[in-house]
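Colleague: Okay, handing you the structure first.
The values are calculated or read from the model by the stated rules, or taken from the named source; none is laboratory data. Worth saying up front: this structure is predicted, and the values here are computed from it rather than measured. Virtual Cβ from ideal backbone geometry, glycine too; neighbours counted across all protein chains shown. All accessible areas refer to the heavy atoms of the entire protein, side chains included, with ligands and DNA or RNA removed. Shrake-Rupley method; radii C 1.70, N 1.55, O 1.52, S 1.80 Å.
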Amino acid sequence: MKRIAVIPGDGIGKEVIPQAVRVIEAAGADLALTHFDWGADRYLADKVTVPPDGFATLARDFDAILVGAFGDPRVPSNIHAKEILLGMRSKMDLYATVRPVRLLDASLCPLKGIEPKDIDFVVIRENTEGVYGDFGGVFKHGTPDEVAIQEDVNTRKGVERIIRYAFEYCASNRKVDGSARRRVLMCDKSNAMTHAGGLWQRVFKEVAAEYSQIETQHMYVDALAMQMVLDPRRFDVIVTNNMFGDIISDLGAGLQGGLGMAASGNLRPQKTSMFEPVHGSAPPLAGKNIANPFGAILSAAMMLAQLGMAGEAQKIEAAVLEAVRQKKTTADIGGTLGSREAGDWVAQKVSSR
Ligand SMILES: NC(=O)c1ccc[n+]([C@@H]2O[C@H](COP(=O)([O-])OP(=O)(O)OC[C@H]3O[C@@H](n4cnc5c(N)ncnc54)[C@H](O)[C@@H]3O)[C@@H](O)[C@H]2O)c1
């Protein structure tokens, strides 16, 4: 039995995660689920974002964590989101975000003439360093002479382990059609950001030399963004830093049907890892039963696959694919169902397989 911590969080997280939970239960996965109330409601009630032993408990007592989203207009500082989500990523050292960009059905892609076989790549994003480490400060705040500094921190250890993770991922994962993954592309902006970019370039070459069977490629992030739109067929495994990964992941979500369809894992190999839909708490959608639950459901399937339950994960992915094909979906991807009803449909499909 695998022990799962479930943290729906805020906004639509509280609507999509219950759907993901019933789908994994319908898949018959052997799981013990424990629910946590971390989020804006809890913070507003008792000012606790994460209980003192919170991250230690997650790391010690659970095999994986399923998360919704954090962010609530009643907490303008977003302090709870920062402490819970960024805290989990950094304190539990979840250094690799894995973002599959896979097109389930041609109707979901805004590009002309693109078929599901044309989009099946993965963005691997460094998740603990870069410009999101909150290093820096503000000098002469609010004056005409104000200076704001945001540092981009790249450690040799951090860069090397994410690049190595990308090569290992490429070597050990296949595309949906069963063919081997062949190429790791490193994306940076080393022409302008020479210090950090130089480190990434050197480490990429060094690590690549250990994987002679894997092709390598490099692109500047601006060129990559254009090519993702012009010809997404050319991508396989992309590795990049925290900020570029954040941005191109959302571009990838756009290619696969929008934020409601995008799944992710925040991984630390062999340790407790966290799985979450790419989208945020979407306050305008919250409480209306209209949020697409498929990103959360596909994130839960990723979690099961990571925990060694590949059969259950495949059942869930197949059911979501069928829901998309039959338009048993929420309105953002062309259906007429509510979040609960779309979750129902997928759960029933899964349990009948
Ligand atoms: N991982 C996270 O917890 C996370 C990620 C991003 C943003 N946020 C937070 O979420 C809040 C809202 O941020 P935002 O509006 O920039 O991003 P968002 O992802 O919450 O929503 C942006 C838009 O994308 C669409 N969308 C997102 N998820 C959808 C779904 N499941 N179904 C259908 N449409 C969907 C909606 O049109 C929505 O208005 C902020 O507080 C932000 O900080 C949290």
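Colleague: Here are some residues: 125, 161, 102. Which one is of a type in the set (Lys, Arg), within 30 Å of residue 208 (Cβ to Cβ), under 20 Å from the mean Cα position of the chain (by Cα) and within 16 Å of the ligand (Cβ to nearest atom)?
Modeller: Answer to the selection: 125.
Colleague: Right, another one. Select, from 322, 276, 317, 312, the only residue that is within 12 Å of the chain's Cα centre (by Cα) and not hydrophobic (A, V, I, L, M, F, W, C).
Modeller: After ruling out the rest, the residue left standing is 276.
Colleague: Quick one: which residue in 107, 77 is under 25 Å from residue 251 (Cα atoms), open to solvent by 10 Å² or more (accessible area, probe 1.4 Å) and of a type in the set (Ser, Thr, Tyr)?
Modeller: 107
Colleague: Give just the number: which of (1) crowded, with 22+ Cβ neighbours inside 10 Å; (2) among the small types (Gly, Ala, Ser); (3) within 13 Å of the ligand (Cβ to nearest atom) does residue 96 not satisfy?
Modeller: So residue 96 meets the others, but not (3).
Colleague: Could you run through the stretch 273-323 and say how many residues are on the phi > 0 side of the Ramachandran plot and open to solvent by 50 Å² or more (accessible area, probe 1.4 Å)?
Modeller: Total meeting the criteria: 2.
Colleague: Spot the failing condition for residue 63; the list is (1) more than 15 Å from the ligand (Cβ to nearest atom); (2) open to solvent by 10 Å² or more (accessible area, probe 1.4 Å); (3) over 19 Å from the mean Cα position of the chain (by Cα), and only one is missed.
Modeller: (3)
Colleague: Residues of the stretch 328-340 being more than 10 Å from the ligand (Cβ to nearest atom), touching a residue at least 24 places away in the same chain (Cβ under 8 Å) and open to solvent by 70 Å² or more (accessible area, probe 1.4 Å), which ones?
Modeller: The one that is more than 10 Å from the ligand (Cβ to nearest atom), touching a residue at least 24 places away in the same chain (Cβ under 8 Å) and open to solvent by 70 Å² or more (accessible area, probe 1.4 Å): 340.
Colleague: Which one of the conditions (1) outside any helix (DSSP H, G or I); (2) out of contact with any Pro (no Cβ under 9 Å at 6 or more places or on another chain); (3) more than 16 Å from the ligand (Cβ to nearest atom) does residue 176 fail to meet, given that it meets all the rest?
Modeller: (2)
Colleague: Determine which single condition residue 268 fails, assuming it passes every other condition in (1) open to solvent by 50 Å² or more (accessible area, probe 1.4 Å); (2) more than 15 Å from residue 98 (Cβ to Cβ).
Modeller: (2)
Colleague: What are the residues in the stretch 254-265 that are open to solvent by less than 10 Å² (accessible area, probe 1.4 Å), near the ligand (Cβ under 9 Å from one of its atoms) and more than 10 Å from the chain's Cα centre (by Cα), if any?
Modeller: Passing the criteria: only 261.
Colleague: Please go through the stretch 222-249 and pick out each residue that is buried (at least 16 other Cβ atoms within 10 Å of the Cβ) and of a type in the set (Asp, Glu).
Modeller: Hits for the stretch 222-249 are 236, 246.
Colleague: Something else: Please verify whether residue 302 is touching a residue at least 24 places away in the same chain (Cβ under 8 Å), farther than 19 Å from residue 329 by Cα and more than 11 Å from the ligand (Cβ to nearest atom), treating the condition exactly as stated.
Modeller: yes
Colleague: Can you find a residue in the stretch 209-219 that is surrounded by 13 or more Cβ atoms within 10 Å (Cβ to Cβ), touching a Ser or Thr at 6+ places or on another chain (Cβ under 9 Å) and on the phi < 0 side of the Ramachandran plot?
Modeller: Yes: the stretch 209-219 contains one or more residues that are surrounded by 13 or more Cβ atoms within 10 Å (Cβ to Cβ), touching a Ser or Thr at 6+ places or on another chain (Cβ under 9 Å) and on the phi < 0 side of the Ramachandran plot.
Colleague: While we're here: Check residue 139 against each of (1) modelled with pLDDT of 95 or more; (2) surrounded by 15 or more Cβ atoms within 10 Å (Cβ to Cβ) and name the one condition it does not meet.
Modeller: With (1) modelled with pLDDT of 95 or more; (2) surrounded by 15 or more Cβ atoms within 10 Å (Cβ to Cβ) applied to residue 139, the lone miss is (2).
Colleague: May I ask you to verify whether residue 44 is surrounded by fewer than 17 Cβ atoms within 10 Å (Cβ to Cβ) and within 16 Å of the ligand (Cβ to nearest atom)?
Modeller: For residue 44, the condition - surrounded by fewer than 17 Cβ atoms within 10 Å (Cβ to Cβ) and within 16 Å of the ligand (Cβ to nearest atom) - is met.
Colleague: Quick test for you: out of 145, 72, 152, pick the one residue that is closer than 25 Å to residue 20 by Cβ, open to solvent by 20 Å² or more (accessible area, probe 1.4 Å) and modelled with pLDDT of 95 or more.
Modeller: It is 72.
Colleague: I've got another one for you. Report, by residue number, each residue of the stretch 117-136 that is open to solvent by 30 Å² or more (accessible area, probe 1.4 Å) and assigned to a loop (DSSP other than H, G, I, E, B).
Modeller: Answer for the stretch 117-136, where residues must be open to solvent by 30 Å² or more (accessible area, probe 1.4 Å) and assigned to a loop (DSSP other than H, G, I, E, B): 128, 134, 135.
Colleague: Can you name the condition, by its number, that residue 114 falls short on among (1) β-branched (Val, Ile, Thr); (2) open to solvent by less than 50 Å² (accessible area, probe 1.4 Å); (3) in a strand (DSSP E or B)?
Modeller: Result: residue 114 fails condition (3) only.
Colleague: When residue 87 is evaluated against the numbered criteria (1) modelled with pLDDT of 95 or more; (2) within 16 Å of the ligand (Cβ to nearest atom); (3) in contact with a helix residue (DSSP H, G or I) (Cβ under 8 Å, 6 or more places away or on another chain), which criterion, by number, is the only one it fails?
Modeller: Here residue 87 clears every test but (1).
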